[in-house]
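The values are calculated or read from the model by the stated rules, or taken from the named source; none is laboratory data. Note that this is a predicted model, so its numbers are computed, not measured. Quick note on the areas: whole protein, heavy atoms, side chains included, nothing else; ligands and nucleic acids left out. Shrake-Rupley method; radii C 1.70, N 1.55, O 1.52, S 1.80 Å.
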Amino acid sequence: MDYINVALGKGRLAEKGYEIFKKIGYDCSEFEKKSRKLIFENSEKKIRFILVKAQDVPVYVERGAADLGIVGKDTIMEEGRDLYEIADLGFGRCKFAVAAMKGFKLENVRGQLKVASKYPNVATKYFLENGRQIDTIKLNGSVELAPIVGLSDVIVDIVETGGTLKENGLEVIQDMYPVSARLVANKVSFKTKNGKIRGIVEKIKEAVKEDNADD
Ligand code: PRP
C-alpha cells in the first residue's frame, strides 16, 4: 500500500499537528526525538511526516509531494494554492489585523497608504475590497518595526496575544480575518488514495471535536 505523506510547517504548528496524528494512531517515535531531520516514517502505518517551512506547506500539497498538510489559514490565504481545505483544527488561533502606531488614523492619510507585511497578497486584496489602492511593502519578519521607522503607515500581520504590538507601541486599528490551523489535502490524492485519506480525515475530525469539547 502507498505511503501517506504529511507536510508539517516547522514552528508553531508542527508539534500540535503531529500530536493529532499521534492521537488517531499514526505516531512516529523518531519525530519525538530532538534532531535536525526533516523526514520521519512509521513503516508499519505507512505514514511519512515531512517538516517544511510553514509557507511552503501549500506548494508541497498542491503538487502532490504531500497528500496532506497542516498549515495556518494565514498561509493558505497568502499562497492561494489549488488544494482542498478539509478541516479547521481549532488550534493556532489568532487573527489578521491592520495595526499602526498608537493614535494613528487611517482617514488622515491622503493618497496611497503604505502597508508593510509578510502577507502582501492578503494585504492588497483586503484594501482593494475596501476600495483602497495601497503601496505594499513585502517584509520577511519584524514587521512591527516598519511604522516606527517610517517605512510604512500601517502593517498587516497576524496578532495572537497582542504582546508584540504592545511592546512596540502599536495597536490594532482594524480586525481583518480569523486564523487557525487547517488540515489540507492534495486534490488528486484525495481521489486516488481516497480510502486511507478519508479514514485519516474522519478520525482527525473526530479528535478535533473531542479536543474542542474539552476546552
Ligand atoms: C508573528 C507575527 C507577530 C507575532 C504576533 O510572528 O508576525 O510578530 O507573531 O504574536 P503576538 O500577538 O502573540 O505577540 P512570528 O512569531 O510567527 O515570527 P516571524 O515574524 O518570525 O514570522
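In percent, rounded to a whole number, the relative contact order of the chain is 27, using alpha-carbon pairs under 8 Å and six or more apart. When only Cα pairs below 8 angstrom with a gap of at least 6 residues are kept, region 1-113 shows a relative contact order of 31 percent. If both residues of a DSSP beta bridge must be in the chain, then about 60% of such bridges are antiparallel. In the complete set of protein chains, residue-level accessible area for Tyr84 is approximately 80 Å², probe 1.4 angstrom. Rg and Dmax of the chain, based on Cα coordinates, read 19.3, 62 Å. When the Cα gyration tensor is reduced to axis lengths a ≥ b ≥ c, the ratio a/c stays below 1.5 for region 94-178, which is therefore classed as rounded.
Taking amide H as placed 1.01 Å from N in the peptide plane, Ile4 has its amide H under 5 Å from the amide H of Ile47, Arg48, each at least 5 places away in sequence or on another chain.
In this structure Thr164 has an accessible area near 80 Å², from a 1.4 Å probe over the protein heavy atoms. Under a Gaussian network description of the chain, with springs only between Cα atoms under 10 Å, the residue in Gly141, Gly69, Gly90 that fluctuates furthest is Gly141. Among Asn108, Asn168, Asn121, the largest mean-square fluctuation in a Gaussian network model of the chain (Cα springs under 10 Å) belongs to Asn108.
Per residue, the solvent-accessible area of the chain (1.4 Å probe, heavy atoms of protein chains only, all protein chains present) comes to 54 Å².
Report, ordered by chain and residue number, the aspartates and glutamates lying within cross-link reach of Lys34, taken as a straight Cα distance under 17 Å and ignoring same-chain residues fewer than 8 apart. Cross-link targets: Glu15, Glu19. Applying the Karplus relation 6.51 cos²θ - 1.76 cosθ + 1.60 with θ = phi - 60° to region 101-108 yields 3J(HN,Hα) values of 4, 3, x, 5, 10, 3, 4, 7 Hz, where x marks Gly and Pro. What the phi angles of region 38-54 give under the Karplus curve with 6.51, -1.76 and 1.60, with θ = phi - 60°, is a coupling list of 10, 9, 9, 10, 10, 6, 6, 8, 6, 10, 9, 9, 10, 9, 10, 4, 3 Hz, glycine and proline written as x.
When the accessible area of region 94-178 is split by element with a 1.4 Å probe, what percent falls to carbon and sulfur? So the carbon and sulfur contribution to the accessible surface is 49 percent.
Entry note, region 93-207: relative contact order of 38 percent, from Cα contacts under 8 Å with a spacing of 6+ residues. Secondary structure note: in region 94-178, about 60% of the DSSP beta bridges are antiparallel.
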